[in-house]
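Step one of this worksheet: look at the structure below.
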Amino acid sequence: MYAVEKKFEIEMKLKKEMTNIQELKAAANRSSSLAGDVCNVLGACEQRLQQLETAVLPLYGDTARLQHIHQNMERTVKALDHVINYYMVSRELADLIQAGPHTSSTESLNIYLEALDKLSEAQNYFNKNNPQSVELENINQLYNTGVSKLENAFEELLSRNTRPLSPTTLMDMIALEEDSSVDSVSVSGSGSTSGTALETMRAAAAWLSAAGRPPAGPLLAIRAPAAKSSFNAFKDYLRSRSMAASPLMKSKNQLHRSDSTKKTSKLQKVLEKRANKLMLKASQTLEQSTGLALGPRRSLNETYGEESCAAEEREAEVAGSLAAAVCRLARHEQRAALGLVPLARLPALLAATLRDCFAALQADVDRACTRVHRAAARCSSGAAAGWALLARLTRLQPDLQRALHPASPAPYLAIVHACQQHCVRTLEEWIDGVKSDTAAGAVDGTVHQLAAAALAYCHALAAHMHTVGQALSTEPSYVRAASQITGVQDRNALMLAIYMRKVLAQLNLALRTKSEQYPDALKAIFLLNNTLYLLQGLQRSGLLDVLMLAEPECETSYRDMIQDYKNAYLQSWNKLLSHITLDEPLPSKLRDKDRQILKDKFASFNREWEEMTRAQRGYSVPDAELREALKRDNKQALLPAYTAFHDAHAALPFSKHPDKYVKYTPVQIATQLDGYFDEAA
């Protein structure tokens, strides 16, 4: 029976497989039929594509030829337009040239000069391509007429402007040439016509010289006394008005304001703007890095006030303006006379113009240096004003030498040398000022103004690194220190680095001394704020790279100090942690003594915590990253221990009024820790 069933099953499987084979054969036949049909369709498509390609290729060739023809036509049209402009230029510009140049402003004169340039360009074209053209004769005649009118206008303008420049005009020339931030200061008053005319004459003379027809004039002897009078008037005016820019004199000057002209207020604005430049930079640096401004803390420490710094800047600016006036007048006269007088007579004119100015310039430089000495003694960043003055004098020296050559620049070189000696002495006076500084730190432990002033001072010195480095290269002590450091290519940077090392070393000692006024926690915060501020300020300003030339490990030293101060600050929690530390575990069944221990622990913790919270919420940590890092460190130092103590003992029946003792949960402690430093910051 089993065999019959097995045979039947096998026969059924065989029958099923045979059926499957038949179906596969039928599917294969259908696939072959479809493949044949597809091949036929593809063959037909290929044949049609070949026919299409045969028909389209000639069209491509025709299209390329048409495009080439179109491009040639466009180039031809452009060339014709260009050539036609040359034929039309005389008719287009005839009225403008016949009317003559308008010398009321440089812009109107430039319109006329551009017309002459177009005529000159047309001349060149016809001379090169069609010298026999009638149009060339018209252009030549119009061009000669235009040049003649320009020469006449130039001579008339020159003879009309032989009077001295007004002081405000000369100040505006200095300000507008050197400081783009005062571009809005306009030339007004008696000097406006002269200033505009001089610029116009300069443009006209430059064009005539380039055209090969420089104007000649016998007015050399007239311009020399005019230039001398300009400088003398500027010197007297600047000396009488320099104090008007001081904030301390503003109220006093209110009584005389009604007698002042617009040009007086303009000069005052220029002086105030330029005199406060470095102080504003120092204030911005402090605000960006610490969130504090110099102004609000002026009552805490007048030593580093804005008015004091501005005074040195103002004095240095006055002296620099006088030096710039010498240079500007020399350059002005030189440029104005280049096409008018022989070059051999120019040095004599400039030497005569400036001879009486050097004595006054020397006196003002000495006055500014005296101010700088006083600023260095009180550690004001205004002490860097001397270097700004020296840098300005040095920067002006090549221009003045070129203007005076071959006349001797010895008087000016003597002024520069004396200023350099003053500046070198202020460097050591500044360090002595740090040693003797007695200003106390802020009650919230924020960045001390001495650190801000030192960083601003070093930053100001770095702005004149080339000048500082060259001056220190003449000092034996710095030369010896530099000789012990090898592998530094930039000697000026090395000299500044050696000095910065001395300043920062003395500053660190001073800050440690000042920190003794604070309790331990605030002492660490104070040192931490100042050290981080110095490090970040050095990094942000690029001074750290300079300092590392003389002290390669300075960054590591600062970071080590920062970590030490962090550790010192975290130790302030030790007393609080002692209140939640048990000498021995409590038994499972509390005794009266054990209950009293828990009461005392919780009460002591609450009292100490509230006192520390009140105190530390008044601490200032201006740097946001440091502030958050200290908050995290506080949580890591306090929360694990308090959480363990709270979880282990808060629920125990040690008091009938547990809320009286268990005032804070770990979450509340963490929340209050998050509020540290925010109010003061």
**Complete:** A chain fully extended from THR486 to HIS657 at 0.36 nm per residue, minus the present Cα-Cα distance, gains in nm 54.2 nm
**Prompt:** Taking a point 7 angstrom from the Cα of ALA615 along the C-beta vector, which residues in the range 559-588 have backbone N less than 15 Å away?
**Reply:** 568-579
**Prompt:** What is the sum of charges around GLU516, taking Lys and Arg as +1, Asp and Glu as -1, for the other residues whose C-beta is under 15 Å from the C-beta of GLU516?
**Reply:** +1
**Asked** Excluding ligands, DNA and RNA, what is the solvent-accessible area per residue of the range 1-95 at a probe of 1.4 Å, expressed in Å²?
**Response** 91
**Prompt:** Using a ≥ b ≥ c from the Cα gyration tensor of the range 382-523 (square roots of the eigenvalues), is it rounded, prolate or oblate, where a/c under 1.5 gives rounded and otherwise the larger of a/b and b/c decides, a/b for prolate?
**Reply:** prolate
**Item:** Whole-angstrom gap from the range 361-438 to the range 528-593, using each part's C-alpha centre
**Value:** 43
**Prompt:** What are the aspartates and glutamates whose alpha-carbon lies under 12 Å from the alpha-carbon of LYS118, with same-chain residues fewer than 8 places away excluded?
**Reply:** GLU92
**Request:** Compute the distance in nm between two label points, each set 7 Å from the Cα along the Cα-to-Cβ direction, one at ASP432 and one at MET548.
**Result:** 3.5
**Asked** How much net charge surrounds SER436 when only the other residues with a Cβ under 11 Å from the Cβ of SER436 are counted, with Lys and Arg +1 and Asp and Glu -1?
**Response** -1
**Prompt:** To the nearest 0.05, what FRET efficiency results for LYS599 and THR671 with a Förster distance of 25 Å applied to their C-beta separation?
**Reply:** 0.50
**Prompt:** Using the Kirkwood formula over every pair of different C-alpha atoms, what hydrodynamic radius in Å results for the range 443-569?
**Reply:** 15.2
**Prompt:** Put +1 on the Cβ of every Lys and Arg and -1 on every Asp and Glu Cβ in the range 461-602; which of ILE525, THR486, VAL503 then has its Cα farthest towards the positive end of the dipole?
**Reply:** ILE525
**Asked** Just the accessible area per residue of the range 491-530, please: how many Å² with a 1.4 Å probe?
**Response** 33
**Cβ-derived FRET efficiency at R0 35 Å, GLU23 paired with GLU53, nearest 0.05** = 0.20
**Request:** Rounded, prolate or oblate: pick one for the range 536-666, where a ≥ b ≥ c are the square roots of the eigenvalues of its C-alpha gyration tensor, a/c under 1.5 means rounded, and failing that, prolate if a/b is larger than b/c, else oblate.
**Result:** prolate
**Request:** Report the net charge of residues surrounding MET465, where surrounding means a beta-carbon distance below 11 angstrom and charges are Lys +1, Arg +1, Asp -1, Glu -1.
**Result:** 0
**Request:** Work out the FRET efficiency for ASP356 and ASN152 from their Cβ-Cβ distance, taking R0 = 30 Å, and round it to the nearest 0.05.
**Result:** 0.30
**Prompt:** Which of rounded, prolate, oblate describes the range 1-109, given a ≥ b ≥ c as roots of the alpha-carbon gyration tensor eigenvalues and a/c under 1.5 marking rounded, otherwise prolate only if a/b is larger than b/c?
**Reply:** oblate
**Request:** Sort the following peptides by mean Cβ neighbour count (other Cβ atoms within 10 Å, averaged over residues), highest first: 160-170, 405-415.
**Result:** 160-170, 405-415
**Asked** Which entries in LYS575/LYS635; LYS523/LYS635; LYS599/LYS660; LYS589/LYS656; LYS601/LYS660 show an alpha-carbon gap greater than 18 Å?
**Response** LYS523/LYS635
**Complete:** Once THR63 and SER32 are pulled to full extension, the length gained, defined as 0.36 nm per residue separation minus their Cα-Cα distance, is 6.6 nm
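The values are calculated or read from the model by the stated rules, or taken from the named source; none is laboratory data. As the structure is a computational prediction, the values presented were derived from the model and not from experiment. With ideal geometry, Cβ positions are generated from the backbone for all residues, glycine too; neighbour counts draw on all protein chains shown. We work out accessible area using only protein heavy atoms, side chains counted, and drop any ligands, DNA or RNA first. Shrake-Rupley method; radii C 1.70, N 1.55, O 1.52, S 1.80 Å.
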